[in-house]
Amino acid sequence: MFKCKPLAAAIIAILATQAHAADNSAEQNQSGADNIVEVTQTGGQDNISYQSQTGISNDGMVTQTGATMSDAVQTQTGNQNFADIAQTTTEQSEAIQLQDGDNHDASIVQSDSFGATARQYQQGSFNTAYTEQTAADLSTAVIDQNGSDNFAESIQNSTELSVSEQRQVGNENTSLVWQEGGARNDGLVNQEGNSNDATVYQMNVSDSIADIDQQGDLQVASVTQEGTEHSAEIKSNGLQNEAYIDQSGSLQTASIYQDGTANSADIFQVGDSNTASTEQTGDNNYAIVDQDGSMMTASLQQNGQFNEAYVTQAGTDQLIDFAQDGADNLLTVTQTGNGNELTGSSYGDNNRVDVLQGGDLNVADIQQIYGSDNEVSLTQTGEANLAQVMQGGVGNQAMLTQSGMGDSAIVSQMGSGNMATVTQQ
């Protein structure tokens, strides 16, 4: 996602040549007025510090301590920029900060390090970038900002081979990646637009990935993952969309796609090997998926406006796959037990589907193929029951209850004002 800027590449090439020539090398270039640079290098071998300032009242500081082939590069072009690098026990660590414009604030801290890389690029004005890696190892943190009043922060703590990459193009965007527990975790944020907010936490993780991509304005996205190998992806295009993913346990997968205005999607998963996805195209759609168990699968698609879907799953090996296309459609599903399945769709406006599956191995397929104001209410509390409902037209109602074992019910309604009631015990 991020590429080394030409200026940074040139500086690195120069420094690589200098590294063979001498221990602890420092070069400071200043052009302008009231600029301040400070370098402290302490420990040995081939440490290189390069700082260049062009403008007024810029402040640059480098501290390296333990060292061994550590590189610190800072260039400031503009006025009243602040840049600070501190690497502590290091070894082959690299820190680069390039500032172009006015009133930028950038800080890198790497601590016990070993081969850790941190790069921060700022263009525009009043951008703020903070990176802190702590135990570091071979971790990488990159922040790239282009615009004004953007804020990005990366904290990785115990790290190892973790990657944090944040890119902001526009104004007043906010991004935070915080990973904590360590191993090969990836936290990726891309923001293009204005006043977007993105957060990635991964806590006591191992081999998890979180990817947030926001295109547009005033959008909010958040990913919180705990366990081991989680995968979370959020893509939001448009205006005022909100997306939240919260996963615990291990091997969870969640994705949210939004294209439009004021859509909202929430996915919560607890347990093992659950999968959830939502797709929203249009305006003011709302979806919630809440899974507590293992081997759950939930897939929701919403196209249109003011559609709502509420899904709750508990137990083991449940499946929901449902689509809404139109306006003001409502889906409410609760699954408990084991091995229950719901598939279906609502096409049209103001259709209602309410499903409760509380036994084992029940299967339901509900298709509202066209029309408006159609309603299906289904309760399955037995075992291995099958229910199929098809509706087309206006104002049709179907109410089904299955509490026995191995029952089958099929309802087809076309036209208007039809009512069907099925009870199987």
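Could you list all residues from the stretch 328-346 that are buried (at least 19 other Cβ atoms within 10 Å of the Cβ), at negative phi and without any contact (Cβ under 8 Å) to a residue 40 or more places away in the chain? Those that are buried (at least 19 other Cβ atoms within 10 Å of the Cβ), at negative phi and without any contact (Cβ under 8 Å) to a residue 40 or more places away in the chain: 329, 331, 333, 335, 342, 345, 346. With respect to (1) modelled with pLDDT of 95 or more; (2) closer than 19 Å to residue 250 by Cα; (3) more than 12 Å from the chain's Cα centre (by Cα), the lone exception for residue 196 is condition (2).
Of all the criteria given as (1) surrounded by 19 or more Cβ atoms within 10 Å (Cβ to Cβ); (2) part of a strand (DSSP E or B); (3) of a type outside the set (Lys, Arg), the one not satisfied by residue 169 is (1). The condition of being on the phi > 0 side of the Ramachandran plot and at pLDDT 95 or above does not hold for residue 249.
Kindly establish whether residue 182 is modelled with pLDDT under 85 and over 10 Å from the mean Cα position of the chain (by Cα). Criteria met by residue 182.
Candidates are the residues of the stretch 84-105 that are of a type in the set (Ser, Thr, Tyr) and buried (at least 24 other Cβ atoms within 10 Å of the Cβ); the one that is farthest from residue 138 (Cα to Cα) is 90.
Conditions tested, residue by residue: (1) β-branched (Val, Ile, Thr); (2) in contact with a helix residue (DSSP H, G or I) (Cβ under 8 Å, 6 or more places away or on another chain); (3) under 21 Å from residue 185 (Cα atoms).
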position	(1), (2), (3)
206	no, no, yes
219	no, no, no
233	no, no, yes
238	no, no, no
241	no, no, no
247	no, no, yes
256	yes, no, yes
267	yes, no, yes
272	no, no, yes
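Is it true that some residue in the stretch 407-424 is closer than 24 Å to residue 298 by Cβ, touching a Ser or Thr at 6+ places or on another chain (Cβ under 8 Å) and outside any loop (DSSP other than H, G, I, E, B)? Looking for residues that are closer than 24 Å to residue 298 by Cβ, touching a Ser or Thr at 6+ places or on another chain (Cβ under 8 Å) and outside any loop (DSSP other than H, G, I, E, B), one finds none in the stretch 407-424, hence no.
Counting residues in the stretch 357-370 that are surrounded by 21 or more Cβ atoms within 10 Å (Cβ to Cβ) and either out of contact with any strand residue (DSSP E or B) (no Cβ under 7 Å at 6 or more places or on another chain) or under 15 Å from residue 310 (Cα atoms) (or both) gives one or more.
Looking across the stretch 161-179 at every residue that is among the aliphatic types (A, V, I, L, M) and more than 16 Å from the chain's Cα centre (by Cα), the one that is nearest to residue 224 (Cα to Cα) is identified as 161.
Among the candidates 139, 70, 111, which residue alone is buried (at least 24 other Cβ atoms within 10 Å of the Cβ), among the hydroxyl-bearing types (Ser, Thr, Tyr) and farther than 30 Å from residue 171 by Cβ?
Working: 139 fails: farther than 30 Å from residue 171 by Cβ; 111 fails: buried (at least 24 other Cβ atoms within 10 Å of the Cβ).
Only one candidate qualifies: 70.
Suppose we filter 116, 129 for residues that are under 26 Å from the mean Cα position of the chain (by Cα), buried (at least 21 other Cβ atoms within 10 Å of the Cβ) and either polar (S, T, N, Q) or within 22 Å of residue 196 (Cα to Cα) (or both); which single one remains? Reasoning before the result, please.
Numbers: 116 fails: either polar (S, T, N, Q) or within 22 Å of residue 196 (Cα to Cα) (or both).
One residue alone meets the criteria, 129.
Working carefully through the options 55, 78, 115, find the one that is in contact with a strand residue (DSSP E or B) (Cβ under 8 Å, 6 or more places away or on another chain) and at pLDDT below 90.
On the way: 55 fails: at pLDDT below 90; 78 fails: at pLDDT below 90.
Answer to the check: 115.
Listed by position, the strands (runs of 3 or more DSSP E) enclosed by the stretch 237-336 that each have at least 3 residues that are farther than 23 Å from residue 201 by Cα are 253-261, 275-283, 297-305, 308-316, 319-327, 330-335.
The values are calculated or read from the model by the stated rules, or taken from the named source; none is laboratory data. As the structure is a computational prediction, the values presented were derived from the model and not from experiment. Heads up, the Cβs are rebuilt from the backbone with ideal geometry, glycines too, and the neighbour counts pull from every protein chain shown.
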